[in-house]
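The values are calculated or read from the model by the stated rules, or taken from the named source; none is laboratory data. All values reported here derive from a predicted model rather than from experimental measurement. Virtual Cβ from ideal backbone geometry, glycine too; neighbours counted across all protein chains shown.
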Amino acid sequence: METRDLQASERFAPDKMQKCSLFQTQRLWCDLYCLEPGQAQKVHSHAGSDKVYLVLDGRAAVTVGGEERELAAGQAVLAPAGQPHGVRNSSEARTTLLVMTAPPIS
């Protein structure tokens, strides 16, 4: 059985958001996104993959389609395949998200 310690997997850097891989299979990617205040993942899309953002710590401004919403710890959002999506930390504290993509982006 594969397990991961999420807190031990967190990695932050002052220059850009850190994407920390937790699990990767032919059918799923599961990552931690670690953002310092002001950092972001630019809005982009994937034609054949859905993505779920789950805020673990902090707050995140998440964009899906043409809508942006502020999410707190314990809240999640689905970015369906083909919809533009991205995330940014607009708070004064670190933000950590659990992010799942299925199927993985080829």
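Table for the structure above
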{"read-out": "Any hit, the stretch 35-54, residues being free of Cβ contacts under 8 Å to residues at least 40 places away in the same chain, hydrophobic (A, V, I, L, M, F, W, C) and on the phi < 0 side of the Ramachandran plot", "value": "yes"}
{"read-out": "Qualifying strands (runs of 3 or more DSSP E) (wholly inside the stretch 1-78; at least 3 residues being surrounded by fewer than 16 Cβ atoms within 10 Å (Cβ to Cβ) and not hydrophobic (A, V, I, L, M, F, W, C))", "value": "18-24, 67-72"}
{"read-out": "Selection status of Val64, modelled with pLDDT of 95 or more and under 14 Å from Ile105 (Cα atoms)", "value": "no"}
{"read-out": "Glu92 over 20 Å from Leu22 (Cα atoms), in a strand (DSSP E or B) and of a type in the set (D, E, K, R)", "value": "no"}
